[in-house]
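**Q** Shown below is the structure under consideration.
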Amino acid sequence: MTEKLKWMNNEEVNKRYFECMGNTELMAQFRHEHPRYYLRARAFWNSKEHRREIIKERDRKYHQKDKDKRREYSRLHRLQTSNGETFYHLQKRPYTNYCEICGKLQLRKLKYHHWNKTNPSIGIWVCSSCHTFVEGCDKGYVEIYLQKKQQIEKKGGSRNV
């Protein structure tokens with residue numbers, strides 16, 4: 001243990017100090033009984049390092065507590081596109097917990113597919129595989145696929161088209 005923290009090694013005194021915190025009369029009595037410990041403890045509790053740790057812990061607890069609320073809000077009011085654009089304050093359709101195309105049940109991994117660039121609030125909740133399919137439909141790949149398929153079938157299935 002470092003020299004700096006040796007004074008805090010007395011468990012009985014530590015316990016008594018924590019019991020006195022928040023009660024001015026008990027703290028005054030403790031200060032009278034243990035003046036050196038009181039001054040060092042006060043300096044430690046008011047130090048920047050200790051306050052930084054308290055703030056970190058408080059923030060961690062806050063974010064952990066409201067994690068689901070923030071995730072749900074972000075899910076319904078924010079949209080990030082594949083080209084890096086982010087839209088905020090949207091009114092998306094409610095989250096469905098299942099893919100609206102194949103019906104697969106998924107609690108967290110659904111994506112919001114939108115097709116109207118001027119109004120990204122309009123869209124559907126789809127799983128990853130259906131999202132890839134729907135993106136292909138939007139880009140016209142389905143028509144290209146169907147044309148290629150017809151060409152190949154007309155030629156009798158040969159490999160050279």
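Here, each number is a calculation from the coordinates, and none is a lab measurement. Nothing here was measured: the structure is a model prediction, and the numbers come from that model. Cβ atoms come from the backbone with ideal geometry, glycine included; neighbour counts cover every protein chain shown.
**Q** Could you count how many residues in the range 125-161 are touching a helix residue (DSSP H, G or I) at 6+ places or on another chain (Cβ under 7 Å) and either acidic (Asp, Glu) or surrounded by fewer than 15 Cβ atoms within 10 Å (Cβ to Cβ) (or both)?
**A** Result for the range 125-161: 3.
**Q** Could I ask something else about it? Mind listing whichever residues of the range 82-111 are touching a Pro at 6+ places or on another chain (Cβ under 9 Å) and touching a residue at least 12 places away in the same chain (Cβ under 8 Å)?
**A** The initial filter retains those residues of the range 82-111 that are touching a Pro at 6+ places or on another chain (Cβ under 9 Å), namely 85, 87, 90, 92.
If the condition is that a residue be touching a Pro at 6+ places or on another chain (Cβ under 9 Å) and touching a residue at least 12 places away in the same chain (Cβ under 8 Å), then Phe87, Leu90, Lys92 are the ones that fit.
**Q** If you don't mind, there's one more thing I want to ask. I'd like the residue in the range 80-124 that is loosely packed, with under 14 Cβ neighbours inside 10 Å and outside any loop (DSSP other than H, G, I, E, B) and, out of all such residues, is nearest to the chain's Cα centre (by Cα).
**A** Within the range 80-124, the match that is nearest to the chain's Cα centre (by Cα) is Gln80.
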